Amino acid sequence: MNDFENAIELKGVTKKYDGFTLNNVSFAVPKGSIMGFIGQNGAGKSTTIKAILGIIGIDSGEIQIFGKDHLKEEYELKEDIAAVFDELPFHDSLNAKQINIIMSGMYRNWDKALFFRYLDRFGLPQKKKCGKFSKGMRMKLQIAVALSHGAKLLIMDEATTGLDPVVRNEILDIFLEYLQDENKSILMSSHITSDLEKIADCVTFIDNGEILLSDYKDSILESHAVIRCSKADYTMIDQNDFISARVTDFGADVMVSDKNAMQQKYPKLMIEPTTLEEIMLFYVNRKKKEWS
């Protein structure tokens, strides 16, 4: 029995660049869950993932993976982590058979038979150079590699971007299969919030280097809602009661973070359920407060 509760834990992680700061980032990925990591391009998702993987150093804070320091135990931890990026990390001249040989020399637990089963399942040729693969085939190849060395943590950085819906659904199903083992966990960054709405257990939302929300997905969707009202009704809503409002000639959509309290305070107004994409949009515009 493992004694760690979180697959990943970040506490106060800060990394300063010229023009961008990852500012005091704290969140945890509970063991056995899929954490959706959402935010606009440039919000800090990739920087955070690179810090977790030890690709970049941090200025302050603490990162633990499986309850261990991500740098002190780096070599041991890397055996149990698989990372999938939007670009293929293998040279274009390599084929799947050659990649199998390379990976078997890198990972103690490399499972050649499982790798070739994934190749068959994904319809991937063994001898074709991966430089000639389509984007969907390249992604499936990365996932076949990621799932063939017994990794307990899968980290995906914008891995489904640019894939057609059929391939995306196939890949999402594989992730759900992977999580049948409750010791396995996934951190999946994406700006395709509809994918995360389907499969994520938890959601962390980063904007401009800062964490705005991190909670179970259902809790976020249950507490947030949109008031759809006329301009006249909108003027009656206290500015402190909402995150931001989209105001047009036809009326206003107002995002609130405490649906039940707002239903009691404004019983005559129509309050509707929302989506992760809509929540993200209204939070991104929170400093303007009112936008169109």
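Brief remarks on what is shown
- The aspartates and glutamates within cross-link reach of residue 127, meaning a Cα-to-Cα straight distance under 15 Å and a gap of 8 or more places when in the same chain, are 92.
- Formal net charge of residues neighbouring residue 231 (Cβ-Cβ distance under 14 Å; K, R +1; D, E -1): -2
- Summing charges over all other residues whose Cβ lies under 14 Å from the Cβ of residue 160, with Lys and Arg as +1 and Asp and Glu as -1, gives -3.
- Antiparallel content of DSSP bridges confined to the chain, in %, to 5: 65 percent
- Put simply, when 242-248, 13-19, 47-53 are sorted by average Cβ atoms within 10 angstrom per residue, most first, you get 47-53, 242-248, 13-19.
- Normalised by the number of residues in the range 65-218, the mean separation of alpha-carbon contacts (under 8 Å, six or more apart) gives a relative contact order of 23 percent.
- From its DSSP helices (H runs of at least four residues, each -39,500 (n - 2.57)), the chain gives a residue-normalised ellipticity at 222 nm of -9000 deg cm²/dmol.
- Measuring gaps between exposed loop sites in the chain (GluC sites (Glu not before Pro); DSSP loop; at most 16 other Cβ atoms within 10 Å), the longest gap, sites not included, is 183-292.
- Three-way shape call for the range 51-208 based on the alpha-carbon gyration tensor, with the a/c threshold at 1.5: oblate
- Between the range 152-174 and the range 1-32, the alpha-carbon center distance in angstrom: 22 Å
- Sorted largest first by accessible area at a 1.4 angstrom probe radius, with every protein chain in place, the residues 292, 46, 33 fall in the order 292, 46, 33.
- Summed residue charge, Cβ within 14 Å of residue 267's Cβ, Lys/Arg positive, Asp/Glu negative: +1
- Relative contact order of the range 19-97, taken over Cα pairs closer than 8 Å and 6 or more residues apart, is 16 percent.
- Solvent exposure of the chain amounts to 49 Å² per residue of accessible area, where only protein heavy atoms count and the probe is 1.4 Å.
- Contact order, relative form, for the chain: 21 percent (alpha carbon pairs under 8 Å, 6 or more residues apart, mean separation divided by residue count).
- Restricting the trypsin sites (Lys or Arg not before Pro) of the range 62-114 to loop positions (DSSP other than H, G, I, E, B) with no more than 15 neighbouring Cβ atoms within 10 Å leaves 72, 108.
- Taking a ≥ b ≥ c as the square roots of the eigenvalues of the alpha-carbon gyration tensor, the range 128-191 is classed prolate because a/c is 1.5 or more and a/b outweighs b/c.
- Of the accessible area of the chain, computed with a 1.4 Å probe over protein heavy atoms only, carbon and sulfur atoms account for 47 percent.
- When the Cα gyration tensor is reduced to axis lengths a ≥ b ≥ c, the ratio a/c is 1.5 or higher for the range 11-67, and with a/b not above b/c it is classed as oblate.
- Euclidean distance between Cα centres, the range 34-95 to the range 223-254, Å: 39 Å
The values are calculated or read from the model by the stated rules, or taken from the named source; none is laboratory data. If you're wondering where the values come from, they're calculated on a predicted model, not measured in any experiment. Don't worry about glycine lacking a Cβ; one is built from the backbone with ideal geometry, like all the others, and counts go over all protein chains shown. Just so you know, the surface numbers come from the protein's heavy atoms only, side chains and all, with ligands and any DNA or RNA stripped out. Shrake-Rupley method; radii C 1.70, N 1.55, O 1.52, S 1.80 Å.
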